[in-house]
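*Asks:* After the structure tokens below, expect a handful of questions from me.
The values are calculated or read from the model by the stated rules, or taken from the named source; none is laboratory data. All values reported here derive from a predicted model rather than from experimental measurement. Counting neighbours? That spans all protein chains shown, and the Cβs are built from the backbone with ideal geometry, glycine included. Heavy atoms of the whole protein, side chains included, go into the accessibility calculation; ligands, DNA and RNA do not. Shrake-Rupley method; radii C 1.70, N 1.55, O 1.52, S 1.80 Å.
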Amino acid sequence: MSKMNVEKTDLKEQVDKKQFHMPRILIVYDMLVYLIAAVLLLVLYEGNDKLTTSGIFQQVVLSAGCIFAVRMAGKIYGQVWRYGGIQCYIRLLSTDAIAFIIYLLMELCLPVEKITFARMLSVSCLNLLGALAIRMLYRYAYKCGNQESKWGKFLNSVLYFFSGIEPGNEKENRKIKVAIIGAGRVGVGLAEDLISNEQSSYVPRCFIDVSKEKIGREIHGIPVWTEDDVTVKKLADYEIQEIIFAITSMKAEKKKKLYEFYKNAGYKVKVYDYPTMYAAGGKRHLREFDVEELLFRKPIVMSHGKTNAYYRDKVVLITGGGGSIGSELCRQLAKMHPKQIIILDIYENGAYDVQQELKIAYGNQLNLQIEICSITHRKALEKVFETYHPQIVINAAAHKHVPLMEHNCVEAIYNNVFGTYNLVELCEKYEAERFMMVSTDKAVNPTNVMGATKRMCEMIVQSASTHGKVKYSATRFGNVLGSAGSVIPLFKRQIANGGPVTVTDKRIIRYFMTIPEASQLVLQSGAMAKNGELFVLDMGQPVKILDLAENMIRLSGVEGIEIVETGLRPGEKLYEELLVKTEELDKTENSMIFIERDTALSQEEIEEKMQILREACDSGDNLIAKQAMRKVVPTFKSPEEVNCHVANEKQEEKSEEKVEVHKKPGMKAAIF
């Protein structure tokens, strides 16, 4: 063990000893307070019921036994009094009241020398008053002690003399007081780090948990509360300033509910977890709560057993490896112990960032190569295949921005269609085992150039599966959170700038998933592919972009942000679809992954379509290129045609639903 770890362990032990030593000191002080009360009212005060030495001893044993036994049962000495609220004092009052009743009953029943009721009550009340006084003085000294004034220095000295807390060492006044949601392994680990690190800006004051085994107990001197006991007043009594989520198994709905409760109460909310877009070798750390964590369904966790085994000891080439999806594919693959990963990208900065991240995480354990090349550059691409002979090729390289590709149609076709075609041919020439293409839901009945090029790529891949030696598959999914050009970062920037938040159309609906989900889907579907499959993920319910914007504004806590409708962008569709023909679906071993089987085109048909596109692109005219895309992709339609048709269908569905509701027996007439 290193010297640093030894020092950290020693510091933790010292902190733990001090935390558990404080209750013992408090018991001693309470006993001294009781002895003072007993001497005054049982020894010095004689009254009409003067006690003998034996009687004094009997009353002391009886009253002290009741008081301290009930206090122990009520866990009075398990509370952290330095920041205890009114509830702590109420508990002390309650336990001493119960102790007095027991004392009274036992005094009446046992054969001991009797004293008056008033004298018994006086002993109990004077003892209680002293106990309350020392706790309030302790808390006052802890809260008001400082090194800036004489009185503050005096309080520091008193605090150190009576409690052993060194002035300025364990001082919490200048630190941010936090409540940790989750008293499990993660939450306790965070608390230990905060306690043992003197340089930390945070100090834990309580845990909030649902486990009955933990509620009411203490962990490292920190009380564990139940969620039902948490009130704004209680948090204020404990001077809580921030709330930290440190629990990994919480459902999204509950997390959202708790987030809204604490946010509305005025608390800053943070999370102790990995980054939203998990980095290889990353560690848990305190970070701001990402709003996207609250807006969508629980991330799908996919089985990795067979997937890991498939990619182990394989040479994998990832095109677009420096992009949002490509970089996450690299991170996921690195965990599966491949023989080699080749990251191919035209953008050197993205590829470099992923390379450095993986080097830090895996060092020499990972054979990683970077190639800067465009998939449209046939000679340079072939050199990569000739050098590495990849067994698995994952094509994540593509132009994806819908409006930009509408104005750069020729470039979209060159990169997406001809780039994919180059890869397919080279996979056959250099005898790769498998080719996996990353597709999109925009390829279904496309209304834009980007979606149409992706649909053409799907047709190329499916056709190649009928005559080639390589196993081919394509994976189709929706919008990806956190990717370049995603709507979430745009909304965040607009909210931060005071608005307005812009949506192109308030009726727009989209499917969303996280980058890790998308990457896992690609890898798992590729591993299970036999040949020619078009995989589709069950992405759950789609999200209305207007609801997304409203939720982000509300969860951000910023008021007065307007939502402005700017109009549909070129090629934009109101509703995205995941399937071309929903009746032609096959299930897989993963309940969330389906296969759509479409009739593959022949090699000759693909060649005819490619020749049409070559001639159109050679003209350099974007309009001619777009017309060519409409010719080779029969499902490519205008946005106006699809939007009007789908909008009418949606309206008819709503009308039918309203009629059905209206017809239900026993219901009053509804107003629509």
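*Asks:* How much length would be gained if the chain were fully extended between residue 257 and residue 531, taking 0.36 nm per residue of separation minus their Cα-Cα distance, in nm to one decimal?
*Replies:* 94.2 nm
*Asks:* How many nm is it between the label spots at residue 364 and residue 496, if each spot is 7 Å from the Cα in line with the beta carbon?
*Replies:* That separation, rounded to one decimal, is 4.1 nm.
*Asks:* By how many nm would the segment from residue 75 to residue 106 lengthen if fully extended, with 0.36 nm per residue of separation less the alpha-carbon distance?
*Replies:* 8.9 nm
*Asks:* Using a simple spin-label model with points 7 Å from Cα along the Cα→Cβ vector, what separation in nm is obtained for residue 598 and residue 630?
*Replies:* It is 1.9 nm.
*Asks:* Could you list which residues have their amide H under 5 Å from that of residue 315, counting only those 5 or more apart in sequence or on another chain, with H placed in the peptide plane?
*Replies:* 339, 340, 391, 392
*Asks:* Can you give the relative contact order of segment 309-402 as a percent, counting alpha carbon pairs under 8 Å and 6+ residues apart?
*Replies:* 37
*Asks:* State, to one decimal in nm, how far the label point of residue 93 lies from the label point of residue 284, with both points 7 Å from Cα in the Cβ direction.
*Replies:* Reported label-point gap for residue 93 and residue 284 is 3.9 nm.
*Asks:* While we're on this one: Starting from the Cα-Cα distance between residue 353 and residue 227, subtract it from 0.36 nm times their residue separation and give me the gain in nm to one decimal.
*Replies:* 41.1 nm
*Asks:* Taking a ≥ b ≥ c as the square roots of the eigenvalues of the Cα gyration tensor of segment 349-423, is the shape rounded (a/c under 1.5), prolate (a/b larger than b/c) or oblate? Provide the component values of the computation, followed by the final result.
*Replies:* Details: a/c = 2.94, a/b = 1.57, b/c = 1.87.
Cα axes put segment 349-423 in the oblate bin.
*Asks:* Cα centroids of segment 184-220 and segment 336-411: how far apart, whole angstrom?
*Replies:* With segment 184-220 and segment 336-411 each reduced to a Cα centre, they are spaced 44 Å.
*Asks:* For segment 614-631, just list the computed ³J(HN,Hα) in residue order, Karplus coefficients 6.51, -1.76 and 1.60, θ = phi - 60°, integers in Hz, with x standing in for Gly and Pro.
*Replies:* Per residue, the Karplus-derived 3J(HN,Hα) values read 4, 4, 5, 6, 5, 6, x, 9, 5, 5, 5, 5, 5, 5, 5, 5, 5, 6 Hz.
*Asks:* Another one. Using the Karplus equation 6.51 cos²θ - 1.76 cosθ + 1.60 (θ = phi - 60°), what ³J(HN,Hα) coupling, rounded to whole Hz, does each residue of segment 56-68 give in order, writing x for Gly and Pro?
*Replies:* Along segment 56-68, the couplings run 4, 4, 4, 5, 5, 4, 5, 5, 5, x, 5, 4, 6 Hz.
*Asks:* At R0 = 56 Å, how high is the FRET efficiency between residue 53 and residue 200 if r is their beta carbon distance? Nearest 0.05 is fine.
*Replies:* So the FRET efficiency works out to roughly 0.50.
*Asks:* Using 20 Å as the Cα-Cα cut-off, could you pick out the over-long pairs in 506/637; 442/631; 314/335; 270/492?
*Replies:* 506/637
*Asks:* Then there is this: Please give the per residue accessible area of segment 327-373, computed with a probe of 1.4 Å over protein heavy atoms only, in Å².
*Replies:* 50
*Asks:* For residue 61 and residue 134, FRET efficiency with R0 = 22 Å and r from the beta-carbon atoms, rounded to 0.05? Don't jump to the answer; show the numbers that get you there.
*Replies:* Working: r = 23 Å, r/R0 = 1.04.
Once the sixth-power term is evaluated, E becomes 0.45.
*Asks:* Looking at this model, which pairs from 359/530; 75/214; 75/251; 75/254; 175/254 are more than 24 angstrom apart at the alpha-carbon?
*Replies:* Over 24 Å apart, Cα to Cα: 359/530; 75/251; 75/254; 175/254.
*Asks:* Taking 41 Å as R0, compute the FRET efficiency from the Cβ-Cβ separation of residue 383 and residue 586 and round it to 0.05.
*Replies:* E between residue 383 and residue 586, to the nearest 0.05, is 0.60.
*Asks:* Rounded if a/c is under 1.5, else prolate if a/b is larger than b/c, else oblate: which is segment 420-469, with a ≥ b ≥ c the root eigenvalues of its Cα gyration tensor?
*Replies:* prolate
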